[in-house]
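The values are calculated or read from the model by the stated rules, or taken from the named source; none is laboratory data. Please read these numbers as outputs of a predicted model, since none were measured by experiment. Every residue, glycine among them, receives a Cβ derived from its backbone with ideal geometry; neighbour counts consider all protein chains shown. Heavy atoms of the whole protein, side chains included, go into the accessibility calculation; ligands, DNA and RNA do not. Shrake-Rupley method; radii C 1.70, N 1.55, O 1.52, S 1.80 Å.
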Amino acid sequence: MDESLKVFEEKMEKTLDNLMSEFATIRAGRANAAVLNKIMVDYYGTPTPIPQMANISVPEARILQIQPWDRSTLKAIEKAINTSELGIHPNNDGSIIRLVFPELTEDRRKELSKDVKKKGEAAKVALRNIRRDANDKIKKAEKNGELTEDDLKAAENDIQKMTDKYIGKVEKETEAKAKEIMTV
């Protein structure tokens, strides 16, 4: 039974990883290269993420510098950034693109903080759904005679402990991200 519980733990781990990658794309006033991960550039007919076609550096706390390996893609990268939901106008000097992140207003910080909490809640719902699926699976196994009643109770207890552990991690990460956003 431990093997099938591993599958559910892996699903919970993936849920946490997904939440962390979503948090990485939320900008908190500081330059973070992860905000470019989801922006796709039309690179010779293929949608390509910016990090796969350029060197990205952070020369200052609020500036991202994008240096494409192929200079002919500068305009395409600039266009992709302009049409994205990033809300930052790129500065193109002919060889590199600079993104200057403005200081966030108090209202925008509160909005982002709410968004972070929403994403955290969604992750907790996903974890509870995984718990429900795991419980359904072990109850079915008990019904089919593969598990004793004692084994069922022990497995339910293990699943609950695992769920509580991951929900605690989600809450901790959500609080940390919300605090980071609200820090001026």
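Overview of results
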item: Residue that is at negative phi, among the charged types (D, E, K, R) and not in a helix (DSSP H, G or I), where the choices are Glu146, Glu121; result: Glu146
item: Residue match in segment 111-126 (condition: open to solvent by 80 Å² or more (accessible area, probe 1.4 Å) and at pLDDT below 90); result: yes
item: All positions within segment 40-55 that are outside any loop (DSSP other than H, G, I, E, B), over 19 Å from the mean Cα position of the chain (by Cα) and surrounded by fewer than 18 Cβ atoms within 10 Å (Cβ to Cβ); result: Asp42, Thr46, Pro47, Asn55
item: Sole exception among (1) touching a residue at least 12 places away in the same chain (Cβ under 8 Å); (2) touching a strand residue (DSSP E or B) at 6+ places or on another chain (Cβ under 7 Å); (3) not polar (S, T, N, Q) for Lys124, by number; result: (2)
item: Neighbours by Cβ (under 7 Å, 6+ apart or cross-chain): first from segment 65-93, within 22 Å of Gly45 (Cβ to Cβ); second among the hydroxyl-bearing types (Ser, Thr, Tyr) and modelled with pLDDT under 90; result: Arg71/Ser95; Thr73/Tyr43; Ala76/Tyr43
item: Criterion: closer than 30 Å to Ser4 by Cβ and outside any loop (DSSP other than H, G, I, E, B) - qualifying residue of Ala178, Ala134, Ala76; result: Ala134
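Yes/no matrix, rows are residues, columns are (1) open to solvent by less than 40 Å² (accessible area, probe 1.4 Å); (2) within 30 Å of Lys153 (Cβ to Cβ):
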| residue | (1), (2) |
| --- | --- |
| Ser4 | yes, yes |
| Glu22 | no, no |
| Arg30 | no, no |
| Val35 | yes, no |
| Lys38 | no, no |
| Ser57 | no, no |
| Leu86 | yes, no |
| Glu103 | no, no |
| Asp107 | no, no |
